[in-house]
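In what follows, a single structure is set out as structure tokens and then discussed.
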Amino acid sequence: MVYIFLSFLTGITIVINMMLNGNLAQREGMLNGVVINYLMATVSSMILCAMMMKSMPSYSAIRSIPLPYFLGGFIGVLTTYMFNIIVPKVPAVYVVMLRFIGQILTSAIIDYIYLDIFSKGKVIGGVLFLIGLVLNAKVDNKYEQGNLKLSENA
Amino acid sequence: MYKNLALINGIILAVMIFLNGMLAIITGPYMSTFIYHVLGFILIMTISIIKKNRFSNLKKVPLMFFLPGILSVITIFLNNISIPEIGLTLAIGVTLFGQLIMSSLVEHFGLFGMPVNRFKKEKILGFSIISLGTIIMIAL
């Protein structure tokens with residue numbers, strides 16, 4: 001249950017980050033925005049490691065890491081980059097919805113293939129989640145069209 | 001076009017979170033968070049140098065904008081400790097639920113300079129179904 005709460009918290013930090021990064025990119029340019037982001041992140045994760053010196057892995061453990069696992073860091077830059085392009089162009093609710101579809105589908109496949117976890121509950125829950133998102137998007141659409149009509153009349 | 005990008009963004013995000021989680025299983029959450037960010041930093045610096053980017057004067061950047069880097073560490077760290085315990089789908093599902101709640105709050109109150117977009121009562125049904133979906137994901 002703790003981990004479920006932590007995952008929820010992750011969602012909140014992601015949105016705050018997304019907003020601040022959008023503003024930062026507008027101010028300093030996209031590239032510099034990402035540079036500042038990673039500079040701070042590298043420094044603060046280094047401090048975190050220094051504080052947790054006892055739980056550091058051995059050199060041989062690090063050497064045994066399969067190469068693809070290192071790709072996460074590179075993909076991270078790519079997604080941050082993409083994010084900064086998308087956020088000013090697409091309403092936040094759509095960003096959440098489309099990323100949801102991509103993420104849930106992909107993660108269900110990965111869970112099934114690599115972690116051997118697959119439950120009907122996750123699929124049913126995911127589908128319900130999606131239905132709710134679509135319903136909300138429809139409400140938003142209706143209001144947008146209403147606003148358009150208003151502005152046409154005016 | 002930008003909406004397609006958002007979908008692709010989701011797919012590669014899931015792959016990224018998975019790779020980080022696997023890394024965390026081997027190195028522990030602290031080291032994997034560091035590895036993730038240091039590699040990202042190397043990549044973005046390389047891109048910057050190739051593109052002959054003029055770097056910002058860090059002294060002129062408002063303090064607030066140093067927060068995303070720290071938040072990013074918290075995000076990756078929380079991911080890295082949760083995924084080995086509860087799996088990818090559940091972690092991502094609940095994270096997205098958190099994102100949805102937070103982005104609705106952002107829009108409703110117009111936080112971070114976003115345009116105000118008040119919560120509509122018609123959305124209560126959608127949010128109830130989403131909440132039910134999340135509960136089913138957790139419980140079953």
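If each Cα of region A:68-146 is one equal point scatterer, what is log10 of I(q)/I(0) from the Debye formula at q = 0.24, 0.27 Å⁻¹?
-1.14, -1.20
Can you pull out the trypsin sites (Lys or Arg not before Pro) in region B:34-140 that DSSP calls coil and that have at most 15 other Cβ atoms within 10 Å? Display every interim value, and only then the final one.
On the way: sites: B:51, B:52, B:54, B:59, B:60, B:118, B:120, B:121, B:123; in loops: B:51, B:52, B:54, B:118, B:120, B:121.
Counting only loop positions with at most 15 other Cβ atoms within 10 Å, the trypsin sites (Lys or Arg not before Pro) in region B:34-140 are B:51, B:52, B:54, B:118, B:120, B:121.
Pick out the long, greasy-scoring helices in chain A: whole DSSP H runs spanning 27 Å or more along their own axis by Cα, mean Kyte-Doolittle at least -0.5.
A:2-28, A:30-51, A:120-153
Taking every pair of Cα atoms in chain A, average 1/r, invert it to obtain the Kirkwood radius, and report Rg/Rh to two decimals. Kindly include the intermediate steps, with their values, before the conclusion.
Working: Rg = 20.1 Å, Rh = 19.2 Å.
That ratio equals 1.05.
How big, on average over all directions, is the shadow cast by the Cα convex hull of the protein assembly as shown, in nm²?
16.9 nm²
Per residue, how much space in cubic angstrom lies within the convex hull of the C-alpha atoms of chain B?
Hull volume over Cα atoms, normalised by residue count, gives 160 Å³.
Stokes-Einstein D for region B:90-136 at 37 °C, 0.692 mPa s, Kirkwood Rh over Cα pairs, in µm²/s?
287 µm²/s
Grab the other residues whose beta carbon is less than 14 angstrom from that of residue B:100, score K and R as +1, D and E as -1, and report the net.
Combined, the nearby Lys, Arg, Asp and Glu give 0.
Would you compute, for the Cα atoms of region A:1-68, the largest minus smallest coordinate along each principal axis and list the three values in descending order, in whole Å?
Result for region A:1-68: principal-axis Cα extents of 43, 33, 27 Å.
FYI, it's all coordinate maths here, none of it is from the lab. Treat the numbers as computed from the prediction; the structure is a model and nothing was measured. A quick note on method: Cβ atoms are made from the backbone with ideal geometry, for glycine too, and the neighbour counts reach across all protein chains shown.
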